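Q: Can you read through this structure? Questions will come right after.
The values are calculated or read from the model by the stated rules, or taken from the named source; none is laboratory data. Remember, predicted model here, so these are calculated numbers, not experimental data. With ideal geometry, Cβ positions are generated from the backbone for all residues, glycine too; neighbour counts draw on all protein chains shown. Please note that ligands, DNA and RNA were not included when accessible areas were found on the heavy atoms of the full protein model with its side chains. Shrake-Rupley method; radii C 1.70, N 1.55, O 1.52, S 1.80 Å.
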Amino acid sequence: MRILIVGSGGREHALVWALRKNATKPSELFCAPGNAGIAQVAARVRVKANNIAALAKFAEESRIDLTVVGPEAPLAAGIVDEFEQRGLRIVGPGREAARLESSKAFAKEFMRRHRIPTARYRIASSPDEAIEILQSGEFGGKEASVVVKADGLAAGKGVVVASSRSAAVQAVRELAGGAVSAEAFSRIVIEETLSGREVSLLLFSDGKDFRLMPAARDHKRVGENDTGPNTGGMGSITDGSVLDDAMRDNIVRDIVEPTLQGARDEGFPFRGLLFIGLILTADGPRVLEYNVRFGDPETQAILVRLRSDLAEIFGAITERRLGELEIDWSGDSSACVVLASRGYPGPPETGAQIEGLDLADRHERVAVFHAATERGEHGEWLTAGGRVLGITATARDLDLALTRCYEAIADIDWDGMHYRRDIGRPESWALVG
Ligand code: AMP
Ligand code: GLY
């Protein structure tokens with residue numbers, strides 16, 4: 001089996017790692033474009049993740065049996081449609097189903113059509129209309145918090161949880177002023193601010209059947225106690241405390257099943273990975289967003305608990321036989337702590353020399369996933385982006401998993417390295433809103 005992973009982050013390193021670790025049959029792994037850490041376990045292909053034509057050509061010429069896509073942009077641009085037209089096997093939703101992530105307005109209207117609980121919202125077609133909606137008081141008085149979202153993909157920069165009406169108006173102006181692309185901002189979602197604990201629920205789906213992964217929690221803010229700007233994610237955990245069985249069953253009945261049924265009814269049965277971002281409010285769970293791919297860094301914490309053969313799961317998705325598969329997860333807890341470069345989530349400093357990686361790698365039950373690394377001239381490890389490493393560990397309980405992560409982190413250093421010391425701590429589970 002020759003498998004191509006598209007993407008270059010910690011998520012993709014975890015995918016490659018899990019494909020190797022639980023393989024029941026030999027496989028050859030490729031990653032495009034990957035990073036220097038991934039190059040230790042898969043062949044790097046020097047093609048960017050959004051160059052769909054070049055990826056398809058590579059898959060054909062290199063006789064790739066199965067392709068798995070990490071990031072959202074190629075999915076939204078139709079990589080799955082292109083591969084399938086050429087008879088290439090690929091895991092992921094087609095362009096139409098990918099709108100659940102690539103258009104927030106589409107996702108909100110989809111949820112309305114299928115009575116899936118989500119924040120109350122309005123869609124505006126221009127910044128002026130958005131400001132009018134805000135001024136109308138429909139989302140509360142001047143002091144009320146309200147959320148402004150760019151419709152399109154904006155790499156995490158398109159959502160502002162504003163603490164007041166004037167801050168929301170300011171956010172509309174900033175987003176319109178070029179903080180996100182004009183295309184992403186051609187429609188604007190205004191929605192009520194919800195409060196509660198956030199949960200990431202990921203599942204495999206073949207269009208007919210689905211299988212849940214262990215629920216995860218992401219830590220989006222850069223600073224401890226959930227302060228500072230949003231990031232792609234500074235750490236993640238899986239643990240029994242993230243979601244109890246009763247609430248999970250509730251979410252399956254009211255959200256997961258109606259979502260998958262809705263996609264079938266609308267003619268785009270969902271195949272691939274669905275990531276439902278939820279907030280558990282006092283009135284019950286609500287969907288914050290859909291992602292049509294693995295989360296980063298949720299995937300790192302989730303996949304270290306996988307005991308089944310991941311290639312077998314992906315194969316079952318493409319062959320529509322997920323219903324026949326039992327997926328085995330360890331009963332452990334897990335944690336992933338992201339180590340970031342100075343400047344992140346703004347423009348990061350890169351090229352710093354990373355010390356101690358080999359030592360960190362030797363810790364028991366710790367996996368060091370590379371998100372953005374390169375090798376220097378003399379083989380030294382260098383930082384190559386904002387999120388650089390995801391130190392991930394499993395243990396019988398969350399405390400021990402976190403201890404293992406932080407002990408390994410103590411071995412690592414570079415100039416400007418920063419990370420949150422409160423990943424997975426209950427007091428860091430600040431309520432949004
Ligand atoms: P999204 O990309 O829609 O998930 O938004 C990114 C983050 O913004 C979420 O993970 C939440 O932390 C926050 N957020 C989005 N929508 C809301 C909402 N309606 N109420 C409170 N927080 C929200
Ligand atoms: N960690 C959130 C995401 O991948 O979108």
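Q: Distance between the C-alpha centers of the stretch 365-405 and the stretch 290-342? Whole Å please.
A: 18
Q: Please work out the Cα center distance from the stretch 1-29 to the stretch 46-90, rounded to the nearest Å.
A: 15
Q: With the Cα gyration tensor of the stretch 100-149 in hand, convert its eigenvalues to equivalent ellipsoid semi-axes via √(5λ) and list them largest first in whole Å.
A: The three semi-axes for the stretch 100-149 are 21, 13, 9 Å.
Q: Could you provide, to the nearest whole Å², the per residue accessible area of the stretch 193-268 with probe 1.4 Å?
A: 37
Q: Using θ = phi - 60° and the Karplus form 6.51 cos²θ - 1.76 cosθ + 1.60, what ³J(HN,Hα) does each residue of the stretch 203-210 get, whole Hz, x for Gly and Pro?
A: Once rounded to whole Hz, the list reads 8, 8, 9, 10, x, 10, 10, 9.
Q: Past 21 Å, Cα to Cα: identify those pairs from Lys149/Lys220; Lys48/Lys220; Lys157/Lys220; Lys142/Lys220; Lys104/Lys220, in the order given.
A: Beyond 21 Å between Cα atoms: Lys48/Lys220; Lys142/Lys220.
Q: Calculate what fraction, in whole %, of the accessible area of the stretch 43-157 sits on carbon and sulfur atoms when a 1.4 Å probe is rolled over the protein chains.
A: Ligands and nucleic acids excluded, carbon and sulfur reach 46 percent.
Q: If you don't mind, another one. May I ask you to evaluate 6.51 cos²θ - 1.76 cosθ + 1.60, the Karplus curve with θ = phi - 60°, for each residue of the stretch 263-276 and list the ³J(HN,Hα) values in order in whole Hz, giving x for glycine and proline?
A: 3J(HN,Hα) across the stretch 263-276, in whole Hz: 5, 4, 4, 8, x, 9, x, 7, 10, x, 10, 10, 10, 9.
Q: Below 8 Å, C-alpha to C-alpha, sequence gap of six or more: please give me the relative contact order for the chain in percent.
A: Over the chain, the number comes to 17 percent.
Q: Compute, for Trp381, the solvent-accessible surface of its heavy atoms (probe 1.4 Å) with the complete set of protein chains present, and express it in square angstrom to the nearest 10.
A: 20
Q: Summarise the accessible area of the stretch 193-281 (1.4 Å probe, protein heavy atoms) by the percent that is carbon and sulfur.
A: Of all accessible area on the stretch 193-281, carbon and sulfur atoms account for 44 percent.
Q: So how do Thr403, Thr299 rank on accessible area, 1.4 Å probe, biggest first, that is with the largest at the start?
A: Greatest to least solvent exposure: Thr403, Thr299.
Q: Could you sort Glu374, Glu183 by accessible area so the largest value comes first, with the probe set to 1.4 Å?
A: Glu183, Glu374
Q: So what does log10 I(q)/I(0) come out to for the chain at q = 0.07, 0.09, 0.11 Å⁻¹, using the Debye formula with one equal point on every Cα and no solvent?
A: -0.32, -0.54, -0.83
Q: Name the residues of the stretch 44-78 whose amide N is less than 14 Å from a point 7 angstrom out from the Cα of Arg375 along the C-beta direction?
A: 44-45
Q: Can you pull a Stokes-Einstein diffusion coefficient for the stretch 358-432 at 10 °C (1.306 mPa s), Rh from Kirkwood over Cα pairs, as a whole number of µm²/s?
A: My calculation gives 116 µm²/s for D.
Q: Please report the accessible area of Arg113 (heavy atoms, 1.4 Å probe, ligands and nucleic acids excluded) in Å², nearest 10.
A: 120
Q: A further question follows. Per 5 Å bin, what is the whole-percent P(r) computed from every C-alpha pair distance within the stretch 117-253?
A: 2, 9, 16, 17, 16, 16, 12, 8, 3, 0
Q: So how far, in whole Å, is the C-alpha centre of the stretch 274-288 from the one of the stretch 209-261?
A: 8
Q: Below 10 angstrom from the Cβ of Glu289, what's the summed charge of the other residues (Lys, Arg +1; Asp, Glu -1)?
A: Residues near Glu289 contribute +2 overall.
Q: Rounded to whole Hz and in sequence order, give me ³J(HN,Hα) for the stretch 290-295 from the Karplus expression 6.51 cos²θ - 1.76 cosθ + 1.60, θ = phi - 60°, writing x for Gly and Pro.
A: Once θ is set to phi - 60°, the couplings for the stretch 290-295 become 10, 10, 9, 7, 5, x Hz.
Q: How much of the accessible area of the stretch 292-389, in percent, comes from carbon and sulfur atoms when a 1.4 Å probe is used?
A: Of the solvent-accessible surface of the stretch 292-389, carbon and sulfur hold 42 percent.
Q: Starting at 0 and stepping by 10 Å, how many percent of the alpha carbon pairs of the stretch 59-189 end up in each bin?
A: For the stretch 59-189, the pair-distance distribution reads 12, 35, 28, 15, 8, 2, 0.
Q: Provide the solvent-accessible area of Asp361, counting protein heavy atoms only and rolling a 1.4 Å probe, rounded to the nearest 10 Å².
A: Rounded to the nearest 10, the figure is 80 Å².
Q: Which three extents, in whole angstrom, do the alpha-carbon atoms of the stretch 50-116 cover along their principal axes, largest first?
A: 45, 18, 18
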